[in-house]
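The values are calculated or read from the model by the stated rules, or taken from the named source; none is laboratory data. The model shown is predicted, which means the values in this text are computed figures rather than measured ones. Quick reminder, even Gly has a Cβ in these numbers, built from the backbone with ideal geometry, and neighbours come from all protein chains shown. Heads up: the accessible areas ignore ligands, DNA and RNA and are worked out on the full protein's heavy atoms, side chains in. Shrake-Rupley method; radii C 1.70, N 1.55, O 1.52, S 1.80 Å.
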Amino acid sequence: MTLKETLLWPLSLVYGAVARLRALGYRKKIFRQRRLDGVVISVGNLTVGGTGKTPMVLWIAERLLAEGKSVAILTRGYRGKSVIREPGKSGASGGSEIFSTSDEVQLLKSRVGEHVMFGVGPDRYRNGVVLAGRGVKWFILDDGFQHLQLARDVNIVLIDASKPFGGGHLLPAGRLREPRSALKRADLIVITRSSHAPAIESVVRHYSDAPIFYAHTKLDSVHSRLQPQLTLAEACGKAFFVFCGIGNPGAFVEDLREWGFKIVGQKFFRDHHRYSPGDMAEIEKEARKAGATGLICTEKDSFNLSETLPSMDVWVCAISLHVDEGDKLWRGIMTEVQSRARDIL
């Protein structure tokens, strides 16, 4: 353990005790879980930071939409503000609409458009009740593993193969939000950024016998506000300077290199960072010094960019999730729903 981890260790013991007692309270029905009138599929993880939750939420939403389901995504909308747009204002129609400045919500909306409804805010149950009143029957609970106050039909837990258990320590000494024993609540486990991780599987099997699947990021496009979309060959011919404010920036750089991109430098910010003109000027300065011919960031970052862009082209990398044995995972999700005897199917 580092000195910092050693100093924070006592606080992690307290945090872990509270997390265990909270989970026990819900398991023993001391604390009340509230249930929506519909199917709830939770997507979450054990650690803070990126594990691929947003791409997984999109993957599930697209599957449900393909089957003609009425779908809503319930999300906290982290580091964003929500504004209610009344009918007839800013394009809202057919009732009031919640607009969120959250980068993750904007990303999700840009992908699924008007086909999916959104409930944004900390009270996922209240938002779900409103959406159920509008005819929604299928809910995706984003970052829902620790949101125990809302009952769910399927608990999907994602584990990032590059940082599987947050250094093995609970917050604040490590990155674990709950002890690894919490995996016993999982119905399905997806190990992201890998196709084979026997060591992680071995740890998981100490706590859970849930089916394990694998998924990895897939490059969809490289585009910018002002330039035509790049082909992969064109992108690989450029020298990029990477900047991002996401949960696992190292994994993004690793993905770019795996896809053949030439990376000459990088600059990382905290997750959900809002870029000021000063930030962009500093990024461009470092990029030119490194010999870059372009800047590249994630799609999530693109919603946090300032209106004032640098003279150097800013390229946005759009990705999606490829699930190995995706049809089998989907059957597993539907099996879990059916096992709860839901009459919504």
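If residue 189 passes every condition in (1) surrounded by 15 or more Cβ atoms within 10 Å (Cβ to Cβ); (2) touching a residue at least 60 places away in the same chain (Cβ under 8 Å) but one, which one does it miss?
Residue 189 satisfies every listed condition except (2).
Determine whether the range 217-238 contains at least one residue that is part of a strand (DSSP E or B), within 19 Å of residue 316 (Cα to Cα) and open to solvent by less than 10 Å² (accessible area, probe 1.4 Å).
We begin by selecting, within the range 217-238, every residue part of a strand (DSSP E or B); these are 217-223, 230.
Imposing the further condition that a residue be within 19 Å of residue 316 (Cα to Cα) reduces the set to 217-223, 230.
Next cut, open to solvent by less than 10 Å² (accessible area, probe 1.4 Å) only: 222.
Yes, because at least one residue in the range 217-238 is part of a strand (DSSP E or B), within 19 Å of residue 316 (Cα to Cα) and open to solvent by less than 10 Å² (accessible area, probe 1.4 Å).
Being part of a strand (DSSP E or B) and open to solvent by less than 40 Å² (accessible area, probe 1.4 Å) is the requirement here; does residue 252 meet it?
Here the answer is no, as residue 252 does not meet what is asked.
So which of 305, 295 is more than 21 Å from residue 160 (Cβ to Cβ) and assigned to a loop (DSSP other than H, G, I, E, B)? Write out each step before concluding.
Working: 295 fails: assigned to a loop (DSSP other than H, G, I, E, B).
One residue alone meets the criteria, 305.
I'd like the full set of residues that are of a type outside the set (D, E, K, R) and either part of a loop (DSSP other than H, G, I, E, B) or modelled with pLDDT under 95 (or both), limited to the range 255-276.
Within the range 255-276, 259, 260, 261, 269, 272, 273, 275, 276 meet the criteria.
Determine if the range 246-269 includes at least one residue that is of a type in the set (Phe, Trp, Tyr) and in contact (Cβ under 8 Å) with a residue 40 or more places away in the chain.
yes
Please give the number of the condition residue 37 fails out of (1) more than 22 Å from residue 184 (Cβ to Cβ); (2) assigned to a helix (DSSP H, G or I); (3) in contact (Cβ under 8 Å) with a residue 40 or more places away in the chain.
Checking residue 37 against (1) more than 22 Å from residue 184 (Cβ to Cβ); (2) assigned to a helix (DSSP H, G or I); (3) in contact (Cβ under 8 Å) with a residue 40 or more places away in the chain, the one that fails is (2).
For the range 260-267, check the following and say yes or no: at least one residue is of a type outside the set (S, T, N, Q), within 28 Å of residue 60 (Cβ to Cβ), within 24 Å of the chain's Cα centre (by Cα) and surrounded by fewer than 20 Cβ atoms within 10 Å (Cβ to Cβ).
In the first step, residues of the range 260-267 are kept if they are of a type outside the set (S, T, N, Q); the result is 260-265, 267.
Now drop any that are not within 28 Å of residue 60 (Cβ to Cβ), which leaves none.
For the range 260-267, residues of a type outside the set (S, T, N, Q), within 28 Å of residue 60 (Cβ to Cβ), within 24 Å of the chain's Cα centre (by Cα) and surrounded by fewer than 20 Cβ atoms within 10 Å (Cβ to Cβ): absent.
Return the total of residues in the range 292-311 being over 19 Å from residue 256 (Cα atoms) and in contact (Cβ under 8 Å) with a residue 12 or more places away in the chain.
The qualifying residues number 8.
Residues of the range 138-184 being farther than 23 Å from residue 125 by Cβ, surrounded by 19 or more Cβ atoms within 10 Å (Cβ to Cβ) and among the small types (Gly, Ala, Ser), which ones?
161, 166, 173, 174
Report the residue count in the range 304-345 for those that are at pLDDT 95 or above, hydrophobic (A, V, I, L, M, F, W, C) and open to solvent by 60 Å² or more (accessible area, probe 1.4 Å).
0
Looking at (1) out of contact with any His (no Cβ under 8 Å at 6 or more places or on another chain); (2) modelled with pLDDT of 95 or more; (3) open to solvent by 60 Å² or more (accessible area, probe 1.4 Å), which is the one condition that is false for residue 196?
Answer for residue 196: the failing condition is (2).
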